[in-house]
């Protein structure tokens, strides 16, 4: 009888504070825990009593890596509660801002957090000593994403220009046109990124994921669409809580967002790509073929290639939006007086996957109830499944090598623990 | 004589959104230069490699919200020659300090089905409430240029050049049209510390105070003006109670705007 524990007390190169524990008894995996010890900040509690218009700026502070996602889901949910729709150039500008966040967030993960795993470095700084050109290319591409967010949002982290109903100030045509060459260059760098990522060595792994993502009639999904899954689910975002629920798991005291039957599912780039393969803009479609990607990618290690494809998508989309942009008559639409009891729900595609917001309004335009389901709380169960499978097929590895492999398996999904914490039960006993 | 080893930099996270430490990785043009000048010895979000302390410069993000973190910050202080806090969470408790004015037990029950599993303190407090701090960099989030200035100043062994004047000064310098005068938009610029670049007024929006109170802010003079611009007392209170809600001048301003019960 042998007992072995794989433990990482503080996961590196992920956003937030998490730990990993796997208990192996003889040759069977007894327990897999992706532990979250990030302290809770109680957003859903203190949102109550705030003005509905404050939700985009307050919820942005849940995550410094994807604040635009929070601003977008909050705006769309509040607009549903108010019964207004934001269309035309304002809708385009929101998508353009989201493109900036996708470029920035994906490039951060791809070059600074994920690539060092494949090339065998502890971090991108050490990697830059041998691959300076590569890291510089990544940083330059990341700068484009940040510059686009600053142009539209005022700054890259917690942009200040987003409001329920639209923006405070819309850019002029000229401001966007002047930025176009930067995006054209970025598109070339994104293409080079796909080629770099596709040439990396990947372990031969296939996981049986249920992919869940938005799907829009004509676009690669960002701000809206139906919720679809690779197992035939198709529903309006309003019905999200009917099909997905939070479940308590005994081994970690953590709530996971799971399917109604308790099964795990995966959101994020792999899911979006598999469910929207026919929505890729031309250059992304060509590069996906050249990179040898099939109709879907079930190898989590290849998520790095799919993220690169999504950077291409974001650059292509951003250029297309700039080319058709005509400034709107007003920077935001007029909002009606809020109705007490009105409920608004929305899902948008954060870089890491679907982000669900629901609000119920109280008296005088205040928030009476808030519920937020972040991508990482949806992926947590699925990451644990990946870990279990990895350990089961790698039992012959020595503990340090197995620990390293487990950390890589987690990083494949770019978990954002800062986001997830607001919905997870915490076990603060660090063993 | 052997060359002097590069100073050791550490980056620490407490309760936060990660945005302020991300600001360091967002210095795309300077990151590799910074990495040449210092040894990045402990920065979990960016690296697996951890060099044991002591550290020459520690950047601390986030507020103290658990007993465990209250203990951990003392350890960080003990192994740091210079400790700089970065951002509103670390310098004033952040948005999560709204719990300081509420019943945290009730908060726990609202967010968590099994509240007994969640270990948390009743308050979210700034780092300086627990350990001595050498410099506090403001902002939600911090400004990239100010972060680089703080690191550069430390490397040169001089005081950081970080102005403490109001947003109004920077706004005028930038040539913005005053949103209060021109559009009647409520604005916290007159009482908020500069450093953001006066971006909100540049985007036709009133300042919402994310850099926290300036030195000796005259909030008492501003509050009646906010009322004249159309804000009711509840809105004034909320305006002061966001990302720096627990900073004493903003806390006092929110309190002076009265409670719901005392509204006219």
Radius of gyration and Dmax over the Cα atoms of chain A, both given in Å: 21.1, 74
Degrees, to the nearest 10: B:67-78 long Cα axis against longest axis of chain B: 50 degrees
Ascending count of other beta-carbon atoms within 10 Å, so fewest first, for A:202, A:118, A:301, A:42: A:202, A:118, A:301, A:42
DSSP beta bridges in chain B [antiparallel fraction, %, rounded to 5]: 20 percent
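Report the FRET efficiency, 1/(1 + (r/R0)^6), for residue A:296 and residue A:241, where r is their Cβ-Cβ distance and R0 is 30 Å, rounded to 0.05. Walk me through the numbers on the way to the answer.
On the way: r = 27 Å, r/R0 = 0.89.
Given R0 = 30 Å and the Cβ-Cβ separation, E is 0.65.
With a 10 Å Cβ neighbour count serving as the proxy for reagent exposure, in which order, fewest first, do B:48, A:142 appear? Please report the intermediate quantities before stating the final value.
Working: B:48 18, A:142 27.
Ordered by Cβ neighbours within 10 Å, fewest first: B:48, A:142.
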For region B:72-103 versus region A:313-328, the gap between their alpha-carbon centres in whole angstrom: 41 Å
Spin-label pair residue B:68/residue B:49, simplified geometry with 7 Å Cα→Cβ offset, distance in nm: 2.8 nm
Shape call, region A:211-305: gyration tensor on alpha carbons, a/c limit 1.5: oblate
Förster radius 22 Å - calculated FRET efficiency between residue B:134 and residue B:79, Cβ distance, rounded to 0.05: 0.95
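With N set to the residue count of region A:1-47, report its C-alpha Rg divided by 2.2 N^0.38 Å to two decimal places.
Numbers: Rg = 15.0 Å, N = 47, 2.2 N^0.38 = 9.5 Å.
Compactness ratio reported: 1.58.
Restricting the count to DSSP beta bridges whose residues both fall in the protein assembly as shown, what percent are antiparallel, rounded to a multiple of 5? Let's see the in-between values first.
On the way: 49 of 69 bridges.
Here the antiparallel bridges make up roughly 70 percent for the protein assembly as shown.
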Label-to-label distance, nm, for residues given as residue A:173 and residue A:277 (7 Å Cα→Cβ offset): 4.0 nm
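Which of rounded, prolate or oblate describes chain B when judged by the alpha-carbon gyration tensor and an a/c cut-off of 1.5? Provide the component values of the computation, followed by the final result.
Numbers: a/c = 2.44, a/b = 1.35, b/c = 1.81.
Here chain B falls in the oblate category.
How large is the direction-averaged shadow of the alpha-carbon convex hull of region B:96-166, in nm²? Mind dumping the intermediate values first?
Values: hull surface 29.0 nm².
Average projection, Cα convex hull of region B:96-166: 7.3 nm².
Averaged across the residues of A:121-131, what count of C-beta atoms belonging to other chains lies within 10 Å of each residue's C-beta? Please report the intermediate quantities before stating the final value.
On the way: counts 3, 5, 8, 6, 11, 5, 0, 4, 3, 0, 0.
Going residue by residue through A:121-131 and averaging, the value is 4.
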Reduced Cα scattering model of region B:8-155, Debye log10 I(q)/I(0), q = 0.12, 0.13 Å⁻¹: -0.50, -0.58
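Counting DSSP beta bridges with both partners in region A:43-423, what percentage is antiparallel, nearest 5? Walk me through the numbers on the way to the answer.
Values: 30 of 31 bridges.
So the antiparallel bridges amount to about 95 percent of the total.
Is region A:188-238 best put as rounded, prolate or oblate by its Cα gyration tensor, with a ≥ b ≥ c the root eigenvalues, rounded for a/c under 1.5, and otherwise prolate when a/b is larger than b/c, oblate when not?
Numbers: a/c = 4.63, a/b = 1.54, b/c = 3.01.
Cα axes put region A:188-238 in the oblate bin.
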Debye log10 I(q)/I(0) for region B:200-264, one point scatterer per Cα, at q = 0.29 Å⁻¹: -1.43
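Within 10 Å of each residue's Cβ, count the other Cβ atoms and sort A:403, B:164, A:193, B:66 from fewest upward.
Numbers: A:403 17, B:164 12, A:193 28, B:66 20.
Taking fewest neighbouring Cβ atoms as first place, the list is B:164, A:403, B:66, A:193.
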Within 10 Å of each Cβ in B:36-48, the average number of Cβ atoms from other chains: 5
Over the protein assembly as shown: helical MRE at 222 nm, DSSP H runs n ≥ 4 each giving -39500 (n - 2.57), nearest 500: -12000 deg cm²/dmol
Separation in nanometres of the label points that stand 7 Å from Cα toward Cβ, at residue A:388 and residue A:204: 2.5 nm
Residue of A:149, A:127, A:222 that the Gaussian network model of chain A assigns the largest fluctuation, springs spanning Cα pairs under 10 Å: A:127
For a label point 7 Å along the Cα-to-beta-carbon line of residue A:180, residues of region A:294-328 with backbone N under 13 Å: A:318-326
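Read-outs throughout are calculated quantities, based only on the coordinates presented, and are distinct from any laboratory measurement. Just so you know, these numbers come straight off a predicted model, no measurement behind them. Here the Cβ is made from the backbone with ideal geometry for all residues, glycine too, and neighbour counts use every protein chain on show.
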